[in-house]
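Report on the following structure.
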Amino acid sequence: MQGQDLIRTIPCSGNDSTCYALADCNNFFVSCERAFNPALEKKPVIVLSNNDGCVIARSNEAKAIGIKMGDPFFKIREAVRKYKIHVFSGNMQLYADMSARVHATLREFIPEIEIYSIDEAFIDLGGIQGDMKSLGEKMAYICRRNTGIPVSIGISKTKTLAKIASKLCKQYPKLHNSCYMHRPEDIETVLKKFPIKDVWGIGRRTVAKLDLYNITTAWDFLSAPEDMIRGLMGINGVRTRNELSGIPCIAFEDSIKSRQSIMTSRSFTKEITDMELLSEQIAEFTAMSAEKLRKQGSLCGEIMVFACTNRFRTDETYRNSSAVFKFETPTDSSIELCTAAVRLAHSVFSPGTGYKRAGVCFSDISGKEILQPSLFAAPDRFKHDKLMDAMDRLNKSMGGKAVLIASEGSGKIANTKDHMSPHYTTDWNDIPVAHV
């Protein structure tokens, strides 16, 4: 059955006892830029990472030119000039706010949604009666009308199948941004053509293993013996196999789960050879991670600091150094975390080495409510809590850098954002003005 025939066969009514939808924002970062600049429609657009390092988002037109995810910006400058590609620095404040607006719109239809990522959210439609295809079309239409962001709504029996259905929306415009995939014969037709590498939960290494057994499509995977899948992938592979067969195995989470690790890293515009400057950057990354840690009500038990040289240089050997510190008592204090991070930065620093990238990773994260202090814990823990709360409230009301930890320095290294668009929805000074 051809793709267009498949579109005609998917019915638009009925519902099973279990039914999930995935709302996936199309080319989200690019769509955010286009929402405030319609002239970018049908033009090649890319969005760059911190310090304009590499490509993290591409429009379909940029993909057609051959721009790949992760391409270093300095390597594609000629293509940018030749094909008149529109370039934007990552405007994360804008993207986060637009994401929240899309999620708020989805909650107008179904109050409980599971935010999977900045551009994806699952919706539990179990027990809802009516025309699922039309419901999906309405959600997609209202999201586009309210936010300017195009959204694909995939609906099916499991989360994994809903993800596949959302991808069909992007491949076939006649679906009108909504695909309700539930009949067994339609699911079989789709899975027989759907690449295994694009199935949710299947990583690159697993794809290589499956290729040895000539498993190249989702249907091949579903048809393989369960014992073989279990041997290759363990219980997670069995869950994915069951999900593809229409048996829900991935629970719906209507609350945001706490992160089990928090990492903040960045590439620098110029190589850092000075210990003080590297320490300030590490302290800044640590303070940013600490704020995220407190926001989710967690404590950090272990911190890792790493720094690496420029992997694109051919005249020097690539170096990646790291060091780890484990806290006797888990903490969320920026003061304690920055103190440990700066100490680790000194241990990884090598004089005469130019560092192009560095970062901090928090692990061994636990809930603050289950803290069991050490007998020898510092007696000013309560003071730290009050101080961090005051600092977070000031930074939220006055700006993210209103109050700093001293070890963060004075920002001697400015971030490179040469292609930044206005903060249309998060800064009063950048609110669009309508001219009559």
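FYI, it's all coordinate maths here, none of it is from the lab. On a predicted model such as this, the values are computed, not experimentally measured, just so you know. Cβ placement follows ideal geometry from the backbone for every residue including glycine, while neighbour counts extend to all protein chains displayed.
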Q: Rank Gly130, Ile164, Thr206 by how far each Cα sits towards the positive end of the charge dipole of the stretch 92-222 (+1 on Lys, Arg Cβ; -1 on Asp, Glu Cβ) and give me just the farthest.
A: Thr206
**Q.** Computed label-point distance, nm, for sites Thr317 and Val238 using a 7 Å Cα→Cβ extension
**A.** 4.7
Q.
Just want the answer: with Cβ charges of +1 for Lys and Arg and -1 for Asp and Glu, which residue in Ser347, Met98, Ser334 is farthest toward the dipole's positive end in the chain?
A. Met98
Q | Potential extension, Lys75-Gln296 segment - 0.36 nm per residue separation minus Cα distance | A | 75.7 nm
Q) Using a ≥ b ≥ c from the Cα gyration tensor of the stretch 241-354 (square roots of the eigenvalues), is it rounded, prolate or oblate, where a/c under 1.5 gives rounded and otherwise the larger of a/b and b/c decides, a/b for prolate? A) oblate
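Sorted by packing (mean other beta-carbon atoms within 10 Å per residue), highest first, where do 190-202, 62-74, 87-99 land? List each step's numbers first, then the result.
Numbers: 190-202: 17.6, 62-74: 14.8, 87-99: 19.3.
Going by the mean number of other Cβ atoms within 10 Å, highest first, we get 87-99, 190-202, 62-74.
Given a Förster distance of 45 Å, report the FRET efficiency between Ser261 and Glu188 from their Cβ-Cβ distance, rounded to the nearest 0.05.
Using R0 = 45 Å, I get an efficiency of 0.70.
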Q: Work out, step by step, the length gained on full extension between Ser134 and Lys383: first 0.36 nm times the residue separation, then minus their alpha carbon distance; give nm to one decimal.
A: 84.1 nm
Q. Each label point is 7 Å from the Cα along the Cα-to-Cβ direction; what then is the distance between the points at Gln93 and Glu253, in nm?
A. 2.9
Q: Using a Förster distance of 41 angstrom, determine the FRET efficiency expected from the C-beta separation of Val324 and Lys417, and round it to 0.05.
A: 0.85
Q) Got the relative contact order for the stretch 104-172 handy, in percent, Cα pairs under 8 Å and 6 or more residues apart? A) 21
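At 4 °C and 1.567 mPa s, grab the translational diffusion coefficient of the chain from Stokes-Einstein with a Kirkwood Rh over Cα pairs, rounded to a whole number in µm² per second.
It diffuses with D of about 53 µm²/s by this estimate.
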Q) Tell me, Ser407, Ser166 in order of fewest to most beta-carbon neighbours within 10 Å? A) Ser407, Ser166
Q) Quick one: Lys42, Lys368, Lys163, fewest Cβ neighbours within 10 Å first, how do they rank? A) Lys42, Lys368, Lys163
**Q.** 3J(HN,Hα) from dihedral phi, the stretch 276-290, Karplus parametrisation 6.51/-1.76/1.60, rounded to Hz, x for glycine, proline
**A.** 5, 5, 5, 4, 5, 5, 4, 5, 5, 4, 5, 5, 5, 5, 5
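Over the chain, what is the relative contact order in percent, taking alpha-carbon pairs closer than 8 angstrom and at least six residues apart?
16
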Q: Could you rank the peptides 383-394, 337-348 by their average count of other C-beta atoms within 10 Å per residue, with the highest value first?
A: 337-348, 383-394
Q) Once the other residues with Cβ under 14 Å from the Cβ of Lys326 are scored (Lys, Arg +1; Asp, Glu -1), what is the net sum? A) -3
**Q.** Nearest-ten-degree value, helix 159-171 long axis tilted from longest Cα axis of the chain
**A.** 80
**Q.** Label zone at Lys270, where the point sits 7 Å out along the Cα-to-Cβ direction: the stretch 324-356 residues whose backbone N lies under 14 Å
**A.** 354-356
Q) Say each of Glu369 and Lys63 gets a label point 7 Å from the Cα, pointing the same way as Cα to Cβ; how far apart are those two points in nm? A) 4.2
Q: Please give the length that would be gained between Lys401 and Ile56 if that part of the chain were fully extended, namely 0.36 nm times their separation in residues minus their C-alpha to C-alpha distance (nm, one decimal).
A: 121.7 nm
Q) Using Cα pairs under 8 angstrom and six or more residues apart, how large is the relative contact order of the stretch 192-257, in percent? A) 25
